[in-house]
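Shown next, in structure tokens, is the structure this report addresses.
The values are calculated or read from the model by the stated rules, or taken from the named source; none is laboratory data. All of these numbers come straight from a predicted model, not from anything done at the bench. With ideal geometry, Cβ positions are generated from the backbone for all residues, glycine too; neighbour counts draw on all protein chains shown. Please note that ligands, DNA and RNA were not included when accessible areas were found on the heavy atoms of the full protein model with its side chains. Shrake-Rupley method; radii C 1.70, N 1.55, O 1.52, S 1.80 Å.
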Amino acid sequence: MIRTRDTFAQALGALRHSARSGGFAPGRPVVIQDEARRLRLSTTPVREALSWMCGEGLLERAPLGGFVAPRLDASILANLYRFRLLCLQDALTRGGEWTVEGPKAGRLEVADVFRHLTASVGDSILGAAFEGVQARLDPLAAVECEILSDLEAEVETLLAAPDAGPPQGALEAYHHRRMHAAPRLALALAQGAGRAGQ
């Protein structure tokens, strides 16, 4: 029994990492046997982990059985960015901490700052909502770098004055820019997925 829980945790951790890093092409099936072979595990913990990830929104059930990576069209993508902004604004309204620590490392640090902000409110529902939307947006990191210019300057503006709190305008601009670019981001993601599937 303990061994099963260990393999489930191992499968879940590895598969979550794959999903968040763009390892599953949007709209493509995630094959249990292939993932079990890749992870050197039996199919049972892999199947359980993939089912768990459906509950987290990282995967979807395929119509004829099995699992598929969710598609991210322009509308869905814009709504994900909009929802993340709402989570962050709610955390700020409720006194969440805007803290910037360590070297400025681009988008990954921004996600860490956002994560700290929502966690600092102490509301598990808000934290779970943020984590869910952030997990769906994590695979977009490389696509954002391809499509959006001057990302370093944008991050510098956003993280410029942590002592004074977040620059509200910069936080909104950061997200609105991505909402407006959602069609180009979704197209680049789909084209990358097409190349990955070939």
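Annotations for the structure displayed:
- Looking across the range 142-170 at every residue that is part of a loop (DSSP other than H, G, I, E, B) and not charged (D, E, K, R), the one that is modelled with the highest pLDDT is identified as Leu148.
- Just one of (1) in contact with an Asp or Glu (Cβ under 6 Å, 6 or more places away or on another chain); (2) open to solvent by 30 Å² or more (accessible area, probe 1.4 Å) fails for Val46. It is (2).
- Only a single item in (1) modelled with pLDDT under 85; (2) among the polar types (S, T, N, Q); (3) within 21 Å of the chain's Cα centre (by Cα) is not met by Thr4, and it is number (3).
- Complete set of residues in the range 64-75 that are closer than 30 Å to Ala181 by Cα and exposed (fewer than 14 other Cβ atoms within 10 Å of the Cβ): Ser75
- Close pairs (6 angstrom Cβ cut-off, 6 or more residues apart or separate chains): under 25 Å from Gln191 (Cβ atoms) in the range 7-24, at pLDDT 90 or above anywhere: Leu15/Ala49; Phe24/Val30
- Selection over the range 46-69 of residues that are farther than 12 Å from Ser18 by Cβ and among the aliphatic types (A, V, I, L, M) gives a count of 3.
- Of all residues in the range 1-27, those being touching a strand residue (DSSP E or B) at 6+ places or on another chain (Cβ under 7 Å) and either open to solvent by 70 Å² or more (accessible area, probe 1.4 Å) or not in a loop (DSSP other than H, G, I, E, B) (or both) number 0.
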